[in-house]
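See structure below.
The values are calculated or read from the model by the stated rules, or taken from the named source; none is laboratory data. Quick caveat, the model's predicted, so the values are computed rather than measured. Neighbour counts run over all protein chains shown; Cβ positions are idealised from the backbone, glycine included.
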Amino acid sequence: MAVTFDNGKGRQRPPFLAVAIKTARTLGTIAVTMLGLLFVTFLIGRVMPIDPVIAVLGERATKESYDATYIAMGLDKPIVVQFLYYIWDVIRGDFGMSLLNGRPVSQDIVRVFPATLELATLGTLIGVVIGVPLGIVAAVNRGSIIDQIARVLALVGYSMPIFWLGLVGLLVFYGILGWVGGPGRVGIFYVDIVPTVTGLILVDSILDGNWDVFWNAVSHIILPASLLGYYSLAYISRMTRSFMLEQLSAEYITTARVKGLSERAVIWRHAFGNIKVQLITVIALSYAGLLEGSVLTEIIFSWPGIGSYITTALLSADMNAVMGGTVVVGLVFVCLNIFSDLLYKFFDPRAK
């Protein structure tokens with residue numbers, strides 16, 4: 001039997017119309033969010049005490065060249081028109097030219113973003129694989145020594161500055177013990193050996209069948225990814241423990257135990273099954289945070305990602321690069337939110 005929806009006026013909407021309306025609302029929300037992000041980045045570029053013309057030509061530019069560049073950059077037009085031009089350029093993937101190297105910013109972002117994506121993805125995987133079971137075990141054994149250890153680990157992960165942990169990690173595991181590779185994605189003798197296909201050095205080295213590059217890349221990424229994973233683990237384990245404690249104190253858990261269900265079924269099938277949707281949000285936020293907030297880690301480990309790219313551009317007053325990188329990071333947040341919504345519908349039938 002076909003399912004219809006009441007539109008509030010006593011009439012029924014066809015299912016396809018309800019889906020179309022919901023899709024339109026979602027797209028409208030995304031458009032408004034991105035428009036707000038573009039407005040903020042555009043405003044930052046205009047209020048910064050940096051003359052974009054001087055940044056391009058230098059302080060010794062003549063008045064004739066200054067005026068010509070000023071007009072060529074569209075700065076003589078009304079601010080609203082400039083903003084509309086900026087939106088159109090971003091839609092076309094044109095973030096302007098980098099003042100540091102003279103290349104299109106879009107090309108630079110395509111080059112550096114995979115490095116951050118690879119680092120943040122591995123860090124999130126470490127945080128999820130260890131953090132979720134740790135949070136569950138801590139909740140099940142509330143008040144025990146295991147619970148205390150888990151809480152201390154989370155507290156240390158929140159409290160310790162990540163740049164300090166990075167410096168100590170380099171000193172101990174690279175400088176003293178020699179267990180891991182140093183700064184950078186690969187050693188100097190392995191640079192540009194494998195062809196770039198995805199931009200992910202681990203994947204590209206596997207595709208090329210060059211296992212020497214692969215293991216060298218692993219030795220370089222393992223320490224920064226572990227530090228980001230520890231930071232992610234602290235957040236994920238803490239939230240998992242909180243969610244599980246709430247479920248384990250619910251009446252349906254008591255009922256399940258009274259019915260004779262095994263403790264394993266009660267914990268994993270019932271309690272954990274009801275926190276999956278909440279964990280999706282936590283993991284998505286953690287992943288987005290690592291994609292955006294791994295700046296210090298990338299700087300310490302000389303990791304050529306988008307975080308260090310934006311930081312270098314900001315220190316050099318390269319506003320085209322700063323604005324382009326900021327827009328890309330904001331777009332990643334929006335995409336992760338959409339992906340989270342899709343996972344909601346998969347794990348929670350009530351959201352369908």
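When segment 83-96 is limited to residues that are of a type in the set (A, V, I, L, M, F, W, C) and part of a helix (DSSP H, G or I), the one that is farthest from L43 (Cα to Cα) turns out to be I91.
Among the residues of segment 44-94, those that are within 23 Å of V327 (Cα to Cα), modelled with pLDDT of 75 or more and among the acidic types (D, E) comprise D89, D94.
Taking each residue of segment 138-163 that is aromatic (F, W, Y) and looking for partners that are assigned to a helix (DSSP H, G or I) and surrounded by 12 or more Cβ atoms within 10 Å (Cβ to Cβ) with beta-carbon atoms closer than 7 Å, six or more apart or interchain, yields Y158/A234; F163/L296; F163/I300. Are any of the residues in segment 187-194 farther than 30 Å from Q107 by Cβ and out of contact with any Lys or Arg (no Cβ under 8 Å at 6 or more places or on another chain)? Checking segment 187-194: not a single residue is farther than 30 Å from Q107 by Cβ and out of contact with any Lys or Arg (no Cβ under 8 Å at 6 or more places or on another chain). Meeting the requirement of 1 or more residues that are within 23 Å of V129 (Cβ to Cβ) and polar (S, T, N, Q), the helices (runs of 4 or more DSSP H) wholly within segment 278-352 are 295-300, 319-347.
When we screen L75, L99, L119 for residues that are touching a residue at least 40 places away in the same chain (Cβ under 8 Å) and not in a helix (DSSP H, G or I), the only hit is L99.
The rows are residues; the columns are (1) of a type in the set (A, V, I, L, M); (2) closer than 25 Å to Q148 by Cβ; (3) out of contact with any Pro (no Cβ under 7 Å at 6 or more places or on another chain); (4) outside the structural domain of G182 (by TED's automatic domain parsing).
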| residue | (1), (2), (3), (4) |
| --- | --- |
| L227 | yes, yes, yes, no |
| Y230 | no, yes, yes, no |
| A234 | yes, yes, yes, no |
| L245 | yes, yes, yes, no |
| L248 | yes, yes, yes, no |
| K276 | no, no, yes, no |
| V295 | yes, no, yes, no |
| I299 | yes, no, yes, no |
| I306 | yes, no, yes, no |
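One line per residue, one yes/no per condition, for (1) touching a residue at least 40 places away in the same chain (Cβ under 8 Å); (2) surrounded by 12 or more Cβ atoms within 10 Å (Cβ to Cβ); (3) part of a helix (DSSP H, G or I):
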{"residue": "G178", "(1), (2), (3)": "no, no, no"}
{"residue": "I193", "(1), (2), (3)": "no, yes, no"}
{"residue": "V213", "(1), (2), (3)": "no, yes, yes"}
{"residue": "I222", "(1), (2), (3)": "yes, yes, yes"}
{"residue": "L228", "(1), (2), (3)": "yes, yes, yes"}
{"residue": "S237", "(1), (2), (3)": "yes, yes, yes"}
{"residue": "T240", "(1), (2), (3)": "yes, yes, yes"}
{"residue": "I253", "(1), (2), (3)": "no, yes, yes"}
{"residue": "L261", "(1), (2), (3)": "no, yes, no"}
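For segment 97-132, a tally of residues being on the phi > 0 side of the Ramachandran plot and crowded, with 18+ Cβ neighbours inside 10 Å returns 0. Out of A217, A154, one residue alone is of a type outside the set (K, R), assigned to a helix (DSSP H, G or I) and modelled with pLDDT of 90 or more. It is A217.
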